[in-house]
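Input: a single structure, listed below in structure tokens.
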Amino acid sequence: MAEIGLGRQIAYGSGQVAGQVFRDVPSLLLLFFLTTVLGIAPAVAGLAIFVPKFMLGVGCDMAVGVFSDRWLARFPRRWWLLIGAVGAPVAMLLLFHVPQGSESLRLGWVVAAFSLYMAVFACFSVPYLALSGDLASDSRSRTLLMAWRLVFTAVGVLTAGALAPALVQRFGGGQPAYESMALMLAIICPVSLVIAFFGSGGAVVTAAPRRRLSLRAAIGVLLRPRFAVLMAANLLQLAGSGMGYAAMLYFLTYNMQRSDALQLVGGIVLTMCIGIVIAQPLWVWVARRFGKSRGFVAGSLLYAAGYLVWGVFPMAPLPVIFGFALVAAIGNSGWTMNGFAMLSDIAADDAPHAGLYSAAWIAADKIGFALGGSLLVGLVLSGFGFDAVRAMAGQPQSAQALTGVMIAFTVAPPLLNLFGAAVLGLWGREAQAG
């Protein structure tokens, strides 16, 4: 296999900008948009996001994973990125262009548009992840490739978490502002995918023999202990991260009483991106010196500490708040990078099933973020009495509702992360041996 050079590593990593934008924009903004702009109750809005993400998203992920393996000889994985480049702008624009009408009409539009969004997301995200095993020749190279992917994850997070809210604030904060924001992102996403497409050419491995897997056989592959334990730990982490991400704007707006929440979230996300980037050499060293599994656990502990302390001191000065965010981001980058690196090792050791592993991993990402970032947050907010009508009118929430926001942002995310670390810490070594 030809060794992938620095230029191709960077070009491959750039594709993560589109993946991160597609992942994070709905997670950060869609629930907030549906509740505070359209006035839909949090539990109902959360369900409208969760259903297509869980049902259609997972199904499309698995289908694309299987077909990207089966068709590899005549349709290399990199060509799937061009499908995403064509579909991404359409899906992004439709998601926030919700027509006027009854609540049922608007909810139906959101479900349909988000279903298309998830199908497009699957078409490029699953083959993109599987490409890492094709491009890198050994475990160390795959770790470096994942480090570059995490660097561009920071760019994507910055685009989705800082630029997108800033654009909404800049354009006035109502539905037309969200529509204008979507138009800008509809330009950025296909550009990153086209760069990744050209950057991943020339170093792809020869296609493995095609294998037609039955559903039972595919499930058997995914239940192998080495993958299943990592998947379970990652799923818990993602559910926690999804809750924290989706609840952030609520926490800034209501618990921290910031009228500039859409602007402030950009500074917080920028701080987190800095943490992700500067931490990559650290986590590469930790993985090499202590092992990827221990790096995963260490990152989880650091992430949980950042959020728990933030919850204890919500009214701390802004520089201190940024410090909490920085600590959490450094921890997040640790478990994320080491998780992807372990996945790449598994996929490389079982190349004929690389697409299947990648599909399951992306599906878990979507399930975890949907479960945490829409369904659980929506249920917690509604359960504690968050009033969408008052939110739409710009009025404050009750003390009980503020408790719900606090739980959704600073209590549940670190607890879920710690559970994920415990799963990998307790059973990961045994699974690796198996």
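Identify, from the list L183, L167, the residue that is buried (at least 19 other Cβ atoms within 10 Å of the Cβ), out of contact with any Leu (no Cβ under 6 Å at 6 or more places or on another chain), farther than 28 Å from A341 by Cβ and at pLDDT 90 or above.
From the options L183, L167, the qualifying one is L167.
Within the bounds of segment 113-123, is there any residue that is over 13 Å from the mean Cα position of the chain (by Cα), under 25 Å from I330 (Cα atoms) and modelled with pLDDT under 90?
no
Here are some conditions: (1) crowded, with 21+ Cβ neighbours inside 10 Å; (2) at positive phi. S27 meets all but one. Which one does it not meet?
Going through (1) crowded, with 21+ Cβ neighbours inside 10 Å; (2) at positive phi one by one, S27 breaks only (2).
So V194 clears everything in (1) surrounded by fewer than 20 Cβ atoms within 10 Å (Cβ to Cβ); (2) of a type outside the set (K, R); (3) in a helix (DSSP H, G or I); (4) at pLDDT below 85 except one condition, right? Which one?
In the conditions (1) surrounded by fewer than 20 Cβ atoms within 10 Å (Cβ to Cβ); (2) of a type outside the set (K, R); (3) in a helix (DSSP H, G or I); (4) at pLDDT below 85, V194 misses (4) alone.
Please go through segment 145-202 and give me each residue that is of a type in the set (D, E, K, R) and over 18 Å from the mean Cα position of the chain (by Cα), ordered by number.
The answer is R170, E179.
Condition first: touching a Leu at 6+ places or on another chain (Cβ under 8 Å) and not aliphatic (A, V, I, L, M). Now tell me which residues in segment 22-34 satisfy that.
The answer is P26, F32.
Answer yes or no as to whether A364 is under 23 Å from the mean Cα position of the chain (by Cα), crowded, with 20+ Cβ neighbours inside 10 Å and at pLDDT 80 or above.
When the stated conditions are applied, A364 passes them.
If I40 satisfies every condition in (1) in a helix (DSSP H, G or I); (2) within 24 Å of T253 (Cβ to Cβ); (3) modelled with pLDDT of 90 or more; (4) hydrophobic (A, V, I, L, M, F, W, C) but one, which is the exception?
(1)
Every residue, every condition in (1) part of a helix (DSSP H, G or I); (2) touching an Asp or Glu at 6+ places or on another chain (Cβ under 7 Å); (3) at pLDDT 80 or above, yes or no:
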site	(1), (2), (3)
V66	yes, no, no
A73	no, no, no
L94	yes, no, yes
L105	yes, no, yes
Y128	yes, no, yes
T159	yes, no, yes
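In contact (Cβ under 8 Å) with a residue 40 or more places away in the chain and surrounded by 19 or more Cβ atoms within 10 Å (Cβ to Cβ): is that true of G19 in this structure?
yes
Which ones in segment 367-404 are crowded, with 20+ Cβ neighbours inside 10 Å, under 16 Å from F33 (Cα atoms) and of a type in the set (A, V, I, L, M)?
A370, L375, V377, L381, A388, A391
Return only the number of the condition from (1) closer than 30 Å to A130 by Cβ; (2) more than 19 Å from the chain's Cα centre (by Cα); (3) not hydroxyl-bearing (S, T, Y) that A341 does not satisfy.
The number of the failed condition is (2).
The values are calculated or read from the model by the stated rules, or taken from the named source; none is laboratory data. Note that this is a predicted model, so its numbers are computed, not measured. When we count neighbours, we look across all protein chains shown, and the Cβ atoms used for this are built from the backbone with ideal geometry, even at glycine.
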